[in-house]
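Working notes for the structure below.
The values are calculated or read from the model by the stated rules, or taken from the named source; none is laboratory data. Note that the coordinates shown come from a computational prediction; the quantities given were computed from them, not determined experimentally. Methodologically, a virtual Cβ is constructed for each residue, glycine included, from the backbone with ideal geometry; neighbour enumeration extends over all protein chains shown. Ligands, DNA and RNA are stripped out before the accessible areas are found, and what is left, the full protein with its side chains, is counted by its heavy atoms. Shrake-Rupley method; radii C 1.70, N 1.55, O 1.52, S 1.80 Å.
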Amino acid sequence: MKKRYARSFLFLLLLTQLAAHAGGFQLNTQGVRQLGMAHTGTGLAMDGSVLFFNPGQLPFLKNRFVVTGGVSFLLPRTIYKEPQPGIYHTYMVPNTSTPVHLYAAFRPDTASRLAFGLGVYNPYGSRAQWPSGWKGQFIIREISLTTFYIQPTAAYRITPWLSAGAGFVYATGSFSLAKGVPIQNMQEEYGDAVLEGAASGMGWNAGLAARFKQGLSFGLSMRSGVQVEVSDGNADFTVPASVADYFPDGKFSTKLRLPSTISFGAGYTKDNLQLALDINRTGWSSYDTLNIDFEQNTEKLADVHSAREYKDVFTVRLGANYIINEHVEVRGGLYFDQTPVQDGYLTPETPDTDRIGITAGTTYNINEKIGINLFYLYTQGKNRTDTNLETGFSGTYKTIANGFGASVAVQF
């Protein structure tokens, strides 16, 4: 029981941590301007968000000093239907994720080839909750996660048209998860299990950027894998006293290798029009096995070595921006996101599928120094039916999501 519970917990932790890469219900919210253009940004220098998208773009920002800060609101909606001929169905409890970002970029002077920056953002953070007593409560009831990345960065313009940059990433976060335990007390109430912990890890982000007179620009970036270590997690169980010895409260630890992402981007600028293409390749195949070490083992509790067998995937993004006048810009985009979850590994924690997203956005420039950005996102995944090989839990899932947000950019 506890073994199965811990597997579900850390599986969800990993998937939520990987928001903004590919698959899962992931939070692609590292720049509001970029979100309006389908989250493209590898091949264009738009604002301080280049710290995330491509550090090599830093020296190509127009201004010496740029600060960009914003918040997004994501509202997912997921339905579960049991296999036919059953008629049972239920929805996830509505919730709102609110990832934020703050970037600051600086050049010593307008002629300097050097540029520096600092980014603070939480690309991975969400909450998922199913109704009390639903059919999958012994797999998952509720999960919440908050993470922050801190990234100091430096870049150098090698030639008038080529630059390179790199940043160090420190990741930290906290999380909790609750699920049912299929043992009833005298009041016929099922047991409860709660896992809580903190995780941290380190990585890097690097990129190259090229900009040509014909309005063409290109970028190539790589975000490294991050090894996240949970060394002092807490597992607490509420079960009848007669079986409490089989479910001792205690500690657990694990190390998880979050995948790397390689991105290629191209941009085209002519007069008031900008076009962008991004292709992301995420190395999910690094997540082939989940290993968990429990501080206390019992007859019913053993360390976990569970196969996941994820696959590498692509995300393709297209975006456009048009400057109407000195104050107003409008933009839109479209993307296709592959799922890394192979058949037999789908779970109600992150009922993932291939999805298509449509985005729109606008900017209002108050003056040359201050601008306000807005975006809207709609994404929908196709119906997916699967039976999990480990738990035997079957069903059909479908997820849609709406998102919107705003940011403020100050530059001079």
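Here the simple spin-label model places points 7 Å from the Cα toward Cβ, and for ASP343 and ILE366 these points are separated by 5.6 nm. In this simple spin-label approximation, ASP236 and GLN380 carry label points 7 Å from Cα along the Cα→Cβ vector, and these lie 4.2 nm apart. Between PHE148 and ALA406, the simple label model (points 7 Å from Cα in the Cβ direction) yields a spacing of 2.3 nm. Annotation note: chymotrypsin sites (Phe, Trp or Tyr not before Pro) in region 28-128 located in DSSP loop regions with a Cβ neighbour count of at most 14 within 10 Å are TYR88.
When the chain is treated as a GNM with alpha-carbon contacts under 10 Å, the residue of ARG33, ARG331, ARG257 showing the greatest mean-square fluctuation is ARG257. Ignoring aspartates and glutamates fewer than eight residues from LYS213 along the same chain, the ones with Cα atoms less than 14 angstrom from its Cα are ASP271. Among the listed pairs LYS179/LYS251; LYS270/LYS369; LYS251/LYS398, those with a Cα-Cα distance over 25 Å are LYS251/LYS398.
Can you sort GLU349, GLU189, GLU326 by 1.4 Å-probe accessible area, starting with the largest?
GLU326, GLU189, GLU349
Values of log10 I(q)/I(0) for region 49-91 across q = 0.23, 0.31 Å⁻¹ run -0.88, -1.10, by the Debye formula with one identical scatterer at each alpha carbon and no solvent. If the chain linking ILE358 and MET202 were pulled fully straight, counting 0.36 nm for each residue of separation and taking away their Cα-Cα distance, it would gain 52.9 nm. According to the square roots a ≥ b ≥ c of the eigenvalues of the Cα gyration tensor, what is the shape class of the chain, taking rounded for a/c under 1.5, prolate for a/b larger than b/c otherwise, and oblate for the remainder? Since a/c reaches 1.5 and a/b is larger than b/c, the shape of the chain is classed as prolate.
Surface analysis of region 320-368 yields an accessible area of 45 Å² per residue, using protein heavy atoms and a 1.4 Å probe.
The calculated FRET efficiency for ILE87 paired with GLU390, based on their beta-carbon distance and R0 = 41 Å, is about 0.95.
Computed with a 1.4 Å probe over protein heavy atoms only, the accessible surface of region 61-167 comes to 47 Å² per residue. Distances between placed amide hydrogens fall under 5 Å for LYS311 paired with GLN342, all partners being 5 or more residues away or on another chain. Overall, region 314-412 carries a charge dipole of about 240 debye about its Cα centre when +1 sits on the Cβ of Lys and Arg and -1 on the Cβ of Asp and Glu, all other atoms neutral. Relative contact order of region 141-212: 35 percent, from C-alpha pairs under 8 Å at least 6 residues apart in sequence. Between region 257-318 and region 108-177, what is the separation of their alpha carbon centroids in Å? When both Cα centres are located, 14 Å separates them.
Seen against the Cα atoms of the chain and their longest principal axis, helix 2-17 is set at about 10 degrees.
For the chain, the share of accessible area belonging to carbon and sulfur comes to 58 percent (1.4 Å probe, ligands and nucleic acids excluded).
Here the dipole of the chain is about 1420 debye; that uses its Cα centre as origin and unit charges on the Cβ of Lys and Arg (positive) and Asp and Glu (negative). Of the chymotrypsin sites (Phe, Trp or Tyr not before Pro) found in region 222-298, none is in coil by DSSP with at most 11 other Cβ atoms within 10 Å of its Cβ.
Taking trypsin sites (Lys or Arg not before Pro) across region 346-408, the ones in a DSSP loop with at most 16 further Cβ atoms lying within 10 angstrom of their Cβ are LYS369, LYS382. Note that region 362-379 has calculated 3J(HN,Hα) couplings of 8, 10, 10, 8, 5, 7, 5, 9, 10, x, 10, 10, 10, 9, 9, 9, 10, 9 Hz, one per residue in order, obtained from phi through the Karplus relation 6.51 cos²θ - 1.76 cosθ + 1.60 (θ = phi - 60°); glycine and proline are x.
Cβ under 10 Å from SER163's Cβ, SER163 left aside: what net charge do those residues give with Lys, Arg +1 and Asp, Glu -1? Walk me through the intermediate numbers first.
Details: positive: ARG113, ARG157, ARG211; negative: none.
That sum, taken over residues with Cβ under 10 Å, equals +3.
Here the extension length gained between LYS213 and GLU189 equals 1.6 nm, from 0.36 nm per residue of separation less the Cα-Cα distance.
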